[in-house]
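The values are calculated or read from the model by the stated rules, or taken from the named source; none is laboratory data. Computed from a predicted structure; not experimentally measured. Note that we place each Cβ from the backbone using ideal geometry, even for glycine, and neighbour counts take in every protein chain shown. The protein model used for the area step is the full one, side chains on, heavy atoms only, and it has no ligands, DNA or RNA in it. Shrake-Rupley method; radii C 1.70, N 1.55, O 1.52, S 1.80 Å.
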Amino acid sequence: MSDFKEYVVTVKNKSDVDSFYDDMDSENGTDYIPKRKVEIAQLREISRSTHYYLTEEEAQKLKNDNRVLAVEQLPSALGVTPGIIPVGPGKLWSQTANFEKHPTIDTNDKNWGLDRVTRGSQLSGWGNSTTDYWNGTAYADFTQTTQTVITTSSGKNVDIVIVDDHINSNHPEFAVNVDGTGGSRVVLYDWFQHSTSLGIATTGSYQYNFDGAHGTHVASTAAGNTQGWARDANIYNINFNYPGDNKPAGDWALYIYDYIRAFHANKPINSATGRKNPTIVNNSWGFQAYLFVSGLSSVIYRGTTFDLTGLTVAQKKTILEQQCGINVALQLFGSNPVIDVGQIVAGMETDITDLINDGIIITAAAGNSYAKMVKSGDLDYNNISNSGYYLCRGASPAANSGVITVGSTNATRWDMKSSFSNYGSRVDIYAPGFNIVGAVYDSNAATEFGVTLVDDPRNNSYKLASISGTSMACPQVTGILACLLEQWPSTTQSEALQYLIDNCTTNQIIDPGVMYPNTSYVPSPYNSLGESGTNSNNRYLYYKKERQTSGNVSKSTYKRRPTNNNCYPRQQIKKYG
């Protein structure tokens, strides 16, 4: 056997495996196959490759068989060993800036979440207002702080998909270079190139029409070059409410994940890394319905039926909030108070499961319904109205199994849940989502969000705004996970969630049932993480440096060791900002 070496023989088509195997097992041979039974070194049942012992001459002849794709010696015999491919790392970026919590901003202000999340704790006295909204007592010493933020990753060779309004790809915030030069990192990908293979009827190419400022702001938090986290990431964008005139029949939002899965599966190998880029998908949207309080005749709360017939709206609101833990808050449809009811779309459950199984990471905003959002088996999971709407399950995609669901924290001097943010056992983690500075599509954002815009300091044709919502919290998590994927590109969905849990700070989100030290400030009850039995996760997002900021570069290990264990209007899709 001294002349024989182990070769890996790979056939072109799976359908050729059996016939090729039979020929190699026959003594008859062919012009290219040895006239002997060729000994198998390793049979791989689900692979198109089989390992055989061959001479060098036999190996060379075998390459001429039209079924054969490749005949190679083992990598180790060729001096090739497995290991981390040395890639130029993303920027260990450092930024000294003014981080602002107040809704009124100037041109140089930055996303305060960058400082809070890298700091890991609240900066004493830093809040969004120096005056209590209720009684005039000062409860913040300052709204802006000048700090230096240092990170050790930037999302290089990672693809972020923003499912949202279309992004202004020309905004300086998405440029390759921080000064706004170098071209855009936004890829105007033609999603409709996959329509035929997906069995979806479309015409022409995917159209990037303007339809709102929301997506641009979200993208700038995830991957902006001064306001965001993953400053070297590639940015893709698909709209959940596609405005093009060539969209397919039916509900467009149900097709989104088909296109993203096709995109992920058909990526080319990145020549810089020798592998396909990982994909992470940000969803700052959800399926919503509005339930008129005036039309409610009963609700079932934790198995008990509450009869609401004959009561005024105010009386119903009192019972719902004080006895049922169902927040009506201040939301109106016209002059009618409503409960903003998130809805789970059953068909999306399997779509998301398949997407996760494909290796794609997915995050979603919890929603701005002031509502509990709980898992199956929770005390509140079957709370239901007389019209058949479940009240505490949340909305797709955030409520679907496996999704990393993100709630929002306030910009006050104490860490609190934002009043609007959903909460409960289904919310995995909280991140800054109140008064977040970011890019907007254009000047129309002033009307869309009711905010004052400021110029981007690099080009006054482009604008910035301070906006609030779980939509703004979710991309903080997405950006940090994109940075993780730069260094750990094989991270799975469950590992990404566990990473967030293992590295978050806990029990920093204060319940508003307490009086705050040295003030008479008592926040809104809507800031609460819920009454007894709600089982909210008190987790605050934290950025962990995965390598040193100076000296010899090394990566820390994050993976755990394994262990043994009647409603109107009709349903709408809603942005969470």
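A probe of 1.4 angstrom, applied to the heavy atoms of all protein chains, finds TYR381 with accessible area near 50 square angstrom.
The modelled label-to-label distance for the pair THR10/VAL187, using points 7 Å beyond Cα in the direction of Cβ, is 2.2 nm. Counting only other residues whose beta carbon sits under 14 Å from that of ASP23, what net charge do I get with K and R as +1, D and E as -1? With Lys, Arg at +1 and Asp, Glu at -1, the neighbours total -3.
Residues of the range 472-502 with an amide N closer than 15 Å to a point placed 7 Å from the Cα of LYS267 along the Cα-to-Cβ direction: 479, 481-493. Put a dot 7 Å past each Cα toward the Cβ at VAL176 and ASP211; how far apart are the dots in nm? Going from the ASP211 label point to the VAL176 one covers 3.0 nm. The ratio of the alpha-carbon radius of gyration of the range 132-231 to the globular-protein estimate 2.2 N^0.38 Å is 1.51. Using the Cβ-Cβ distance between SER298 and GLU531 with R0 set to 22 Å, the FRET efficiency works out to roughly 0.60. Accessible surface for GLU57 stands near 120 Å², nearest 10, in the context of the full protein assembly shown (1.4 Å probe). Taking 0.36 nm per residue of sequence separation and removing the Cα-Cα distance, the LYS63/THR305 pair yields an extension gain of 79.6 nm.
Considering only PRO268, ALA314, ASN327, and ranking their Cα positions along the charge dipole of the range 247-378 that arises from unit charges at the beta-carbon of Lys, Arg, Asp and Glu, the one farthest toward the positive end is PRO268. Local charge for VAL149 was computed over the other residues whose Cβ lies under 9 Å away, with Lys and Arg +1 and Asp and Glu -1, and equals +1. For the range 249-384, the fraction of 1.4 Å probe accessible surface lying on carbon and sulfur atoms is 53 percent. Solvent-accessible surface of the range 427-509, averaged per residue with a 1.4 angstrom probe and all protein chains in place: 30 square angstrom. Heavy atoms of the protein chains alone define the surface here; on that basis the range 195-317 has 36 Å² accessible area per residue at 1.4 Å probe size. On the beta carbon distance between GLU39 and ARG275, with R0 = 45 Å, the FRET formula returns roughly 0.85. Around VAL161, under 15 Å between beta carbons, what's the net of Lys plus Arg minus Asp minus Glu among the other residues? Overall, the nearby charge balance is -3. Modelled spin-label separation between THR148 and SER121, with each label point placed 7 Å from Cα along the Cα-to-Cβ direction: 2.1 nm.
Amide H contacts of SER369: ASN422, each under 5 Å away and 5 or more positions distant or on a separate chain (H built 1.01 Å from N in the peptide plane; Pro and chain starts excluded). Estimated from the Cβ-Cβ distance and a Förster radius of 45 angstrom, the FRET efficiency linking SER94 and SER443 is about 0.90.
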